[in-house]
């Protein structure tokens with residue numbers, strides 16, 4: 001089935017107007033440590049049946065599912081879903097040890113493969129497999145603070161990345177929660193510079209390359225970011241940013 005994964009990646013850059021028929025019920029899943037099992041619903045909103053493959057990875061999105069080792073069982077791993085119908089996925093924790101002082105991040109993959117076109121349509125139709133990938137946070141019980149408070153704890157500064165030869169926003173996450181960022185922007189001198197999106201792991205740092213910033217950062221620089229909560233909601237914040245004296 002790795003061939004299906006490869007096909008989805010290769011075709012994604014070709015079919016820019018197509019859309020996935022199989023839809024996942026959420027954009028993320030929080031797995032509390034006191035639970036042994038969680039469920040996730042997928043639905044076929046298209047007009048044709050789809051073959052679906054599912055698996056969980058640790059962030060290495062191009063690895064073959066059969067080579068990935070995670071402490072969870074996801075079932076069913078492969079199934080057919082008819083138009084207008086759905087399927088409930090079961091995610092079961094296998095009790096292998098995970099950190100108890102911070103969240104662990106995994107990714108749930110749902111690969112949607114449409115049926116082969118009829119012979120008369122085959123020459124004029126491009127077969128595209130779509131993969132949906134959502135975060136799953138394993139959350140130990142009793143972590144200090146709250147997940148929704150974690151984005152405000154991020155510490156930001158601007159630095160020059162010598163390897164990439166450009167300015168970056170660096171942030172440190174002192175909380176035990178994964179912080180997801182839907183957008184990151186640098187505001188300076190009346191201008192706005194895009195720095196992309198991403199996430200910051202607990203107790204870790206992350207770099208966000210600043211697009212278009214070529215001159216030294218000014219003292220009035222601020223960071224505006226959008227954080228995403230457990231339910232997929234967005235919250236905007238604008239905070240001061242420190243400037244690395246070595247820039």
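Please treat every number below as a calculation from the coordinates, not as lab data. The structure presented is a predicted model; accordingly, all values stated were derived computationally and were not measured. Virtual Cβ from ideal backbone geometry, glycine too; neighbours counted across all protein chains shown.
What to note about this one:
- Counting DSSP beta bridges with both ends in segment 147-243, the antiparallel % (nearest 5): 95
- Across 97, 83, 114, mean-square fluctuation computed from a Gaussian network of the chain (C-alpha pairs under 10 Å connected) peaks at 97.
- Based on Cα atoms of segment 171-241, Rg over Rh with Rh as the Kirkwood radius reads 0.98.
- Helix 2-12 vs. the chain, principal-axis angle (Cα, 0 to 90°, nearest 10): 60
- Per-residue Cβ neighbour counts within 10 Å put 103, 35 in the sequence 35, 103, beginning with the fewest.
- In this rough spin-label picture, where each label sits 7 Å from Cα along the Cβ direction, the residue 236-residue 191 distance is 2.1 nm.
- Per-pair calculated FRET efficiency, R0 = 22 Å: residue 35 and residue 79 via Cβ, rounded to 0.05: 0.40
- If R0 equals 35 Å, the separation of the Cβ atoms of residue 23 and residue 220 corresponds to a calculated FRET efficiency of about 0.20.
- Within a Gaussian network of the chain (alpha carbon springs, distance under 10 Å), most fluctuating of 234, 62, 173: 62
- The ranking of 169, 143 by Cβ neighbour count inside 10 Å, starting from the fewest, reads 143, 169.
- Out of every Cα-Cα pair that the chain contains, those further apart than 28 angstrom amount to 45 percent.
- When the chain is treated as a GNM with alpha-carbon contacts under 10 Å, the residue of 166, 34, 185 showing the greatest mean-square fluctuation is 34.
- Sequence-separation-based contact order of the chain, relative, with Cα cut under 8 Å and 6+ spacing, percent: 18
- Using the Cβ-Cβ distance between residue 48 and residue 90 with R0 set to 25 Å, the FRET efficiency works out to roughly 0.45.
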